[in-house]
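Have a look at the structure below, then the notes.
The values are calculated or read from the model by the stated rules, or taken from the named source; none is laboratory data. All values derive from a computational prediction rather than experimental measurement. Backbone-built Cβ (ideal geometry, glycine too); neighbour counts: all protein chains shown. The accessibility values were calculated without ligands, DNA or RNA, using every heavy atom of the protein model including side chains. Shrake-Rupley method; radii C 1.70, N 1.55, O 1.52, S 1.80 Å.
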2 protein chains.
Amino acid sequence: MRMPRRQTRPTFRAFLLVFVLCTLASPAVASQDDPLRSWNEGPAKHAVVDFVQRVTAPGGKDFVPEPERIAVFDHDGTLWAEQPLYVQDVCILDRIKALAPEHPEWKDIEPFKSALAGDIKAVLTGGGPALLELVVAATAGLTSAELEAMAKNWISRARHPRFDRLYTDLAYQPMLELLGYLRANGFKTFIVSGGGIHFLRSFAERVYGVPPEQVVGSSLKKKFELRDGHPVIVELPEVQMVNDGLGKPVGIHLHIGRRPIAAFGNSDGDLAMLQWTMAGDGPRFALLVHHTDGEREWAYDRTSMVGRLDKALDEAVAKGWAIVDMKRDWKVVFPFEKR
Amino acid sequence: MRMPRRQTRPTFRAFLLVFVLCTLASPAVASQDDPLRSWNEGPAKHAVVDFVQRVTAPGGKDFVPEPERIAVFDHDGTLWAEQPLYVQDVCILDRIKALAPEHPEWKDIEPFKSALAGDIKAVLTGGGPALLELVVAATAGLTSAELEAMAKNWISRARHPRFDRLYTDLAYQPMLELLGYLRANGFKTFIVSGGGIHFLRSFAERVYGVPPEQVVGSSLKKKFELRDGHPVIVELPEVQMVNDGLGKPVGIHLHIGRRPIAAFGNSDGDLAMLQWTMAGDGPRFALLVHHTDGEREWAYDRTSMVGRLDKALDEAVAKGWAIVDMKRDWKVVFPFEKR
């Protein structure tokens, strides 16, 4: 029923004013200014905010000077979706298929035979060495410029089989907000991935605002040479470093040279990185993303072939590290979801 | 003669005004604000300033966005004195001497015998492998914390034989100004050295304002392990990378992931880094420090065992790269000199 204007009483006006003021101050409106607005209120969000407030409070007992505010993020499964396959592996498989006509022998030898047949499980059961053989076949001999062009070209076109979107659209909205929130509070954010360092660098700055020099990953050895007087860097068929599992703290130590104060991961491959981060002095923060949302994303942990989360989950619970329950803690998962 | 006030004529007043204005604008006064005040006016300083002005001029044809303003500096002989021995080698020799009582066998086997006898030339003629053997003996098995503590302790006490000062006092004043000038103009400055990455990091931030994550150097392989549940990173007796000569562009590619637009070196060990930098698109800058001042520092180039500058000097002349003639171009060499 519409209230005739002349009947408006002072008490109603007062009520209206209070209502409007309350609305302006309500969470729904305030969330526009919340740097973590895609996070539901809950223990994970509160743990992050509490940590950041403590280390940035001047004069506080937990204050950390800006240069020491180093935060490291795993990539696959922590910053973007890693199911059904690590994206880089898809890129490698595509490259192997493209090169196959020049290598007729591949159809009879593993792991190429399985790769060309699209039998990814067979390749993965061959473990690290099988995958490495594919990486070497796909990239060794390329110059750094050729490798970069190949990665940029692939990532600008390849689409995720479930969502039919570019893989770079599958970066998690809450984690994009978290990266920005940390940087706004004087943190330097690094990606520390088991994936190939140059593959990641081909989009990390554009998608995450993380520049190439703050990306740590796996790599092959390289050599510098002059080709007709023109300097090139060439990929060699030999591993430089495997930046996964126990390799992550080593990669952090090599590239960053100081211990992070905050680490974010989602699988057992991140456990050593989290342990290394938490073993330092002063305030520390560790967070695991637990994939619990089969509808919006995927639900998997202890028995998954990709992104297994088993020992790290036990250790996180035992030590009280923050755990994101994706279904409970994230209002949206991907930027393209309707809000 | 003092001019009586009443005789002051308008023309004299005008002259006085012009004189005062000229004085205010003169180099002598302006030098207080000159970020490169320890550099004499000349081609080297002018080349640097011209380059920086071009790449930072918004809308100019040579403008380079801030994230791409990467500058790389060799360390020994470019940022601090490298004679009579690379400082890190002195540190290694001191460590070998300290460990000798635990290794009685060393007095009979090379390169330890020469090292303990102080016969550095004999060690250096053994080349890279001999030096590497000493590095491995001095550091393998140490944890990252032990290695850092050892380096920090040594650099805080060891003194240069000629100047009887801490080695860190022998950073070149003009280069400290240059680092600051570049950073004030949006450059990210990296040290790219053949020396050990962790040794350099133990003082690079304090002395040069270059944080650990912007130091690239040589390193041994490492492993992560839990010792009584406590995570440690341990040095292994195997080379991870030799970041010198042809290794410098590879180290830059691994750590920085994009091509620098400016490179500063002083020896043939920097030639590949300068070539790699200059081969990119857009505006580029390369500079060699030529040690020409036997009085204030040292004079050496084509035949020096430490810091040989031969091929790189020829290429710099042929290609018109900037060359610092230390005697001519630097007003002071070390910060402790009287000005």
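For region A:148-179, the set of residues classified as of a type in the set (Phe, Trp, Tyr) and surrounded by fewer than 16 Cβ atoms within 10 Å (Cβ to Cβ) consists of A:Phe163 only. Restricting attention to region B:223-246, the residues being open to solvent by less than 20 Å² (accessible area, probe 1.4 Å) and at the interface with chain A (Cβ under 7 Å from one of its Cβ atoms) number 3.
In this structure, A:Gly180 qualifies as small (Gly, Ala, Ser), touching a residue at least 60 places away in the same chain (Cβ under 8 Å) and either more than 14 Å from chain B (Cβ to nearest Cβ) or part of a loop (DSSP other than H, G, I, E, B) (or both).
There is no residue in region A:64-75 that is surrounded by 10 or more Cβ atoms within 10 Å (Cβ to Cβ), at pLDDT 95 or above and farther than 30 Å from A:Ala171 by Cβ. Identify all residues within region A:132-180 that are of a type in the set (Asp, Glu) and within 19 Å of the chain's Cα centre (by Cα); write none if there are none. If the condition is that a residue be of a type in the set (Asp, Glu) and within 19 Å of the chain's Cα centre (by Cα), then A:Asp169, A:Glu177 are the ones that fit. Within this structure, B:Gly294 fails the test of being more than 20 Å from the chain's Cα centre (by Cα) and either part of a loop (DSSP other than H, G, I, E, B) or under 19 Å from B:Met175 (Cβ atoms) (or both). Residue check, B:Leu274 against (1) within 14 Å of chain A (Cβ to nearest Cβ); (2) open to solvent by 10 Å² or more (accessible area, probe 1.4 Å); (3) in a helix (DSSP H, G or I), all met but one. Which one? Failing condition for B:Leu274: (2).
Within region A:206-222, the residues that satisfy the criterion of being more than 7 Å from chain B (Cβ to nearest Cβ) and either open to solvent by 30 Å² or more (accessible area, probe 1.4 Å) or not in a loop (DSSP other than H, G, I, E, B) (or both) are A:Arg206, A:Val207, A:Tyr208, A:Gly209, A:Gln214, A:Val216, A:Gly217, A:Ser218, A:Leu220, A:Lys221.
When you go through A:Ser202, A:Ser267, A:Ser193 one by one, which is the residue that is more than 7 Å from chain B (Cβ to nearest Cβ), over 28 Å from A:Ile323 (Cβ atoms) and surrounded by 22 or more Cβ atoms within 10 Å (Cβ to Cβ)?
Values: A:Ser267 fails: over 28 Å from A:Ile323 (Cβ atoms); A:Ser193 fails: over 28 Å from A:Ile323 (Cβ atoms).
Testing whether each residue is more than 7 Å from chain B (Cβ to nearest Cβ), over 28 Å from A:Ile323 (Cβ atoms) and surrounded by 22 or more Cβ atoms within 10 Å (Cβ to Cβ) leaves just A:Ser202.
Is it fair to say A:Gly280 is part of a loop (DSSP other than H, G, I, E, B), within 14 Å of another protein chain (Cβ to nearest Cβ) and either closer than 25 Å to A:Gln53 by Cα or touching a Phe, Trp or Tyr at 6+ places or on another chain (Cβ under 9 Å) (or both)?
Values: part of a loop (DSSP other than H, G, I, E, B): yes; within 14 Å of another protein chain (Cβ to nearest Cβ): yes; either closer than 25 Å to A:Gln53 by Cα or touching a Phe, Trp or Tyr at 6+ places or on another chain (Cβ under 9 Å) (or both): yes.
Yes, satisfied.
Please find, among B:Gly245, B:Gly269, the residue that is part of a helix (DSSP H, G or I), at pLDDT 95 or above and within 17 Å of the chain's Cα centre (by Cα).
Being part of a helix (DSSP H, G or I), at pLDDT 95 or above and within 17 Å of the chain's Cα centre (by Cα) holds for just one of B:Gly245, B:Gly269, which is B:Gly269.
So, of the residues in region B:247-260 that are touching a residue at least 40 places away in the same chain (Cβ under 8 Å) and open to solvent by less than 20 Å² (accessible area, probe 1.4 Å), which turns out to be nearest to the other protein chains (Cβ to nearest Cβ)? Before you say what the answer is, go through the steps one by one.
Pass one, region B:247-260, residues touching a residue at least 40 places away in the same chain (Cβ under 8 Å): B:247-248, B:251-252, B:255-256, B:258-260.
Now restrict to residues that are open to solvent by less than 20 Å² (accessible area, probe 1.4 Å): B:247-248, B:251-252, B:255-256, B:260.
Values: B:Gly247: 8, B:Lys248: 8, B:Gly251: 10, B:Ile252: 9, B:His255: 6, B:Ile256: 5, B:Pro260: 11 Å.
Step by step, filter region B:247-260, then rank; the result is B:Ile256.
Scanning region B:297-338 for residues that are farther than 27 Å from B:Lys121 by Cα, open to solvent by 70 Å² or more (accessible area, probe 1.4 Å) and not in a helix (DSSP H, G or I) yields a total of 2.
Please go through region A:109-147 and give me each residue that is assigned to a loop (DSSP other than H, G, I, E, B) and hydrophobic (A, V, I, L, M, F, W, C), ordered by number.
Pass one, region A:109-147, residues assigned to a loop (DSSP other than H, G, I, E, B): A:109-111, A:117-119, A:126, A:140-142.
Residues satisfying the conditions are A:Ile109, A:Ala117, A:Ala140, A:Leu142.
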